[in-house]
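Throughout, read-outs are computed from the coordinates displayed, never taken from laboratory work. Please read these numbers as outputs of a predicted model, since none were measured by experiment. All Cβ positions, glycine included, derive from the backbone under ideal geometry; neighbour counts span all protein chains shown.
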Amino acid sequence: MGDDMEQSIEVAGHEVSIVDRKEIFLTGVKKISSFDNEEFLMETTMGMLLLKGSGLEILKLDTHDGKVRIKGHIDSFNYLLNGKGKAKEESFMAKLFK
């Protein structure tokens with residue numbers, strides 16, 4: 001056997017599934033940048049994702065496969081993208097200080 005097999009794992013694909021606004025399951029999550037019981041900011045394969053609600057908490061986090069499951073009351077989720085597919089930090093910061 002040679003070294004033909006890829007050693008690094010890359011998160012691929014992005015899916016979002018919400019059940020009764022009480023639970024959300026996401027794939028393609030690269031990193032959770034910040035979180036508390038009212039807001040999660042996550043880097044996904046499709047850009048930065050802002051999840052808002054109340055009583056939010058992580059049920060399952062699989063960093064190897066990029067899967068996250070969060071429970072709580074889900075109010076909204078928003079992709080924070082500019083034309084190049086990168087997060088607009090100023091938009092997120094502006095929302096924090098309103």
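Worth pointing out:
- Formal net charge of residues neighbouring GLY55 (Cβ-Cβ distance under 13 Å; K, R +1; D, E -1): -2
- Backbone HN-Hα couplings from phi across region 56-62 [Karplus 6.51/-1.76/1.60, Hz, Gly and Pro as x]: 6, 8, 6, 8, 8, 9, 10
- Estimated inter-spin distance, ASP62 and ASN37, nm [label 7 Å along Cα→Cβ]: 2.8 nm
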